[in-house]
Amino acid sequence: MKYMEELIKMSFLNVSFFLFLILGTIIYYLVPGTIQWFILLVLSLIYYCSFSFKCAYALVYITTIIFIAGLLLTKLDKNCKIACKREVDGVKLSREEKKVIKARYTRKRKVVVAIACVLGFGLLALIKYTGFAVSNLNAVFGLSVKAPSFLVPIGLSFFTFQGISYVIDVYQGKCKACTNYLKMLLFVGFFPQIMQGPIGRYNHFVDGGLFSEHKWDLRRAQFGAQRIGWGLFKKLVLADRAGVVVTVVTNTSTIYGGYINVLTLLMYSIELYMDFSGGIDIVIGAAEIFGVTMDENFRQPYFSKSIGEFWRRWHISLGAWMKDYIFYPFSLTKGMNNLGKWGRKHFGKHFGTVIPICLANLLIFFIVGIWHGAEWRYVIYGIYNGVIIAVSAAFKPYFKKWLKFLHINGESRGWHIVQIIRTFILVNIGWICDISASGMRWGINFTLGLFKNYHLSQLSLSNLSDLGLAGYDYAILLFGCLIIFAVSMLKERGVNIRESIAFKPIALRWVIYYGFFVMILILGYIGTTSGFMYANF
């Protein structure tokens with residue numbers, strides 16, 4: 001019975017998902033184009049309810065809020081225009097009178113946005129952060145209040161952020177309000193991306209063909225299948241295999257130290273990146289089969305030369321969301337402008353300019369941290385990244401002077417490599433917060449272990465085998481990472497690999513396709529897995 005329940009839950013790693021995808025694709029292209037979007041909606045609801053029927057209430061709740069908010073914003077905007085065009089005793093309104101009317105309606109529209117944000121984020125906060133808040137209040141005030149338990153809907157953070165972005169975009173005039181509730185429900189709950197993103201924008205979905213008519217395109221379907229295969233390679237061959245070492249080390253009270261700790265961090269870097277980006281590849285590939293183009297969420301993040309650049313390449317949709325809806329509104333407030341003027345007056349033009357930017361970055365990364373989980377280790381993780389970015393922005397002119405003083409060419413290839421290595425090290429230090437599920441004490445001891453107990457014997461095959469992987473597993477990881485590195489290098493140079501393969505002779509093309517498929521079957525790690533890590537959000 002339990003096996004059947006797990007089978008029904010259509011994780012990207014279950015055969016049931018691919019059977020569902022194939023059946024859905026057949027139905028999608030057999031029906032008239034005018035109702036294809038409705039088929040996608042039905043598929044999305046079936047998919048989501050396969051995990052939990054009760055969780056679908058949250059999906060409908062968010063959809064209803066943002067749908068009504070969009071209609072109200074449009075109505076208020078229309079009424080404002082009508083009010084400004086009216087005449088009093090045959091005389092048109094003056095510019096000042098129109099200004100007063102616009103200000104009144106703007107306040108009303110802001111109230112609508114505020115209510116939508118409170119209702120939307122309120123549910124997210126209630127479900128995900130009540131326990132965290134209660135436990136901290138108990139610790140501070142010596143209470144013993146029992147926190148209520150909630151069923152956490154799958155993908156709650158993703159579709160809440162996506163829905164609120166729609167409301168703000170309608171308010172700002174970036175997109176028109178949707179007048180079809182079912183289409184709005186499809187936008188919020190589109191099944192390939194609902195579990196782990198990317199966080200889409202409504203106008204991008206419309207332009208990407210979510211509601212458009214599509215005819216069967218073999219080339220597009222092949223490209224989608226290739227992308228899915230690439231994601232499965234990342235997940236099954238690399239992420240799940242690297243995760244074995246991480247699990248063994250983090251689930252023991254023993255702190256290994258030395259090379260083992262370094263290896264664990266490297267393995268976690270592989271696991272997290274391959275798991276999350278592999279899941280996104282499957283999402284984008286599945287959407288592509290239906291003719292829907294989705295935003296990319298990764299762009300070779302481990303080639304970044306700074307932490308700021310890393311977050312422009314890693315989880316791109318979340319970073320863009322934070323930038324558009326928090327960073328700019330916060331940094332451009334009247335209070336931040338006044339702070340900037342004060343800073344320019346007392347500390348000079350540069351520091352006066354970057355003070356609001358630094359504070360906005362600290363706010364953003366505090367939110368990014370708490371978004372990842374209701375635990376202090378995630379808060380510390382967010383602040384860690386925010387502080388590095390803030391310090392980098394504040395001292396950027398001095399860094400350039402130091403390079404000049406040391407006679408280092410900041411544009412040289414060698415310096416770029418140094419920057420990439422430096423950033424990779426800083427990123428991995430941040431990952432310590434992420435893997436410290438056993439508690440902050442464990443994380444501190446693990447960090448201290450990075451600076452001691454280095455013995456070459458730790459790298460012997462017998463010791464490495466104690467971490468859960470055989471010698472050939474390490475060889476497969478190295479081989480797979482080299483493939484990822486080569487592909488990433490080609491992408492950095494602007495090479496479209498799929499297009500390049502598509503123009504190869506058909507025999508060679510299918511040898512590549514089948515060879516890659518067989519490689520996944522042979523090299524895929526078979527072990528216990530809980531699915532994709534970011535599905536928990």
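Just a few scattered comments:
- Estimated [θ] at 222 nm from DSSP helical runs (n ≥ 4, -39500 (n - 2.57)) normalised by residues in the chain, nearest 500: -23000 deg cm²/dmol
- Most to least accessible of Glu309, Glu499, Glu213 (protein chains only, probe 1.4 Å): Glu213, Glu499, Glu309
- Modelled FRET efficiency - R0 45 Å, Leu218 with Tyr328, Cβ distances, 0.05 increments: 0.55
- Peptides 122-129, 343-350 ordered by packing proxy, namely the average of other Cβ atoms within 10 Å per residue, highest first: 122-129, 343-350.
- Average Cα contact separation per residue, the chain, under 8 Å, 6 or more apart, as relative contact order %: 17
- Checked against a 20 Å cut-off, the cross-linked pairs Lys334/Lys396; Lys349/Lys404; Lys110/Lys174; Lys305/Lys401; Lys234/Lys323 give Cα-Cα distances beyond that limit for Lys334/Lys396; Lys349/Lys404; Lys234/Lys323.
- The structure-derived value of semi-axes √(5λ) of the Cα gyration tensor in Å appears in the list (i) 47, 27, 18; (ii) 40, 33, 25; (iii) 34, 29, 24 under the label (ii).
- Placing a label point 7 Å from the Cα of Asn14 along the Cα-to-Cβ direction, the residues of the range 30-66 whose backbone N falls under 18 Å of that point are 42-57.
- The range 261-317 versus the range 420-454: alpha-carbon centroid distance in Å: 21
- Peptide ranges 197-205, 34-42, 69-77, 235-243 listed from the most packed, as the mean C-beta count within 10 angstrom indicates: 235-243, 197-205, 69-77, 34-42
- Extent along the principal axes, Cα only, for the range 28-120: 61, 35, 15 Å, with the longest axis given first.
- Taken over the Cα atoms of the range 276-425, the convex hull encloses 149 Å³ per residue.
- Distance cut-off 13 Å, percentage of C-alpha pairs in the range 395-463 lying past it: 76
- Shape parameters for the range 104-196, alpha-carbon atoms, Rg then Dmax in Å: 17.0, 51
- Dipole of the chain [Lys/Arg +1, Asp/Glu -1 at C-beta], most positive-end residue of Phe366, Val244, Trp376: Phe366
- Counting every alpha-carbon pair across the range 410-537, the share separated by more than 26 Å comes to 49%.
- Mean Cβ count within 10 Å, highest first, over the residues of peptides 318-326, 423-431: 318-326, 423-431
- Lysines whose Cα lies under 25 Å from that of Lys92, excluding same-chain neighbours fewer than 8 positions away: Lys75, Lys78, Lys81, Lys102, Lys108
- Across the range 481-487, coupling constants 3J(HN,Hα) worked out from phi with the 6.51/-1.76/1.60 Karplus curve, θ = phi - 60°, read 5, 5, 5, 4, 4, 5, 5 Hz, and Gly and Pro carry x.
- 37 °C / 0.692 mPa s Stokes-Einstein diffusion coefficient of the range 212-251, Kirkwood radius on C-alpha pairs, µm²/s: 264
- Radius ratio Rg over Rh of the range 149-258, counting only Cα atoms, Kirkwood formula for Rh: 1.12
- Note that the range 358-428, at 4 °C in a medium of 1.567 mPa s, gets a Stokes-Einstein diffusion coefficient of 95 µm²/s from its Kirkwood radius over C-alpha pairs.
- Model label points for Leu478 and Ser392, set 7 angstrom from Cα along the Cα-to-Cβ axis, are 3.1 nm apart.
- For Asp207, the solvent-accessible surface computed with a 1.4 Å probe is close to 130 Å², ligands and nucleic acids excluded.
- Quotient of Cα Rg and 2.2 N^0.38 Å for the range 345-488, N being how many residues it contains: 1.38
- Taking amide hydrogens as placed 1.01 Å from N in the peptide plane, the amide H of Ile199 sits under 5 Å from those of Ser317, Leu318, each at least 5 positions away in sequence or on another chain.
- Sequence-distant residues sharing a close amide H with Gly155 (under 5 Å, placed H): Phe537
- Accessible-area order (highest first, 1.4 angstrom probe) of the listed residues Leu359, Leu151: Leu151, Leu359
- Contact order relative to length of the range 391-537, as percent, for alpha carbon pairs under 8 angstrom and 6 or more apart: 6
- Taking all protein chains as they are arranged and a probe of 1.4 Å, the heavy atoms of Val113 leave approximately 20 Å² accessible to solvent.
- Taking all Cα-Cα distances within the range 288-368, those exceeding 20 Å account for 47%.
- Rounded to the nearest 20, the Cβ-based charge dipole of the chain about its Cα centre (Lys and Arg +1, Asp and Glu -1) stands at 2440 debye.
- Ser135 accessible area, 1.4 Å probe, all protein chains in place, Å² to nearest 10: 60
- Entry note, the range 25-180: relative contact order of 32 percent, from Cα contacts under 8 Å with a spacing of 6+ residues.
- Scaled to the globular estimate 2.2 N^0.38 Å, the Cα spread of the range 113-157, given as radius of gyration, is 1.35.
- Largest-first ordering by accessible area, 1.4 Å probe, given options Arg312, Arg377, Arg86: Arg312, Arg86, Arg377
The values are calculated or read from the model by the stated rules, or taken from the named source; none is laboratory data. Just so it is clear, the structure is predicted and the values come from calculations on it, not from any experiment. Here the Cβ is made from the backbone with ideal geometry for all residues, glycine too, and neighbour counts use every protein chain on show. Keep in mind that these areas ignore ligands, DNA and RNA; they rest on the heavy atoms of the full protein, side chains included. Shrake-Rupley method; radii C 1.70, N 1.55, O 1.52, S 1.80 Å.
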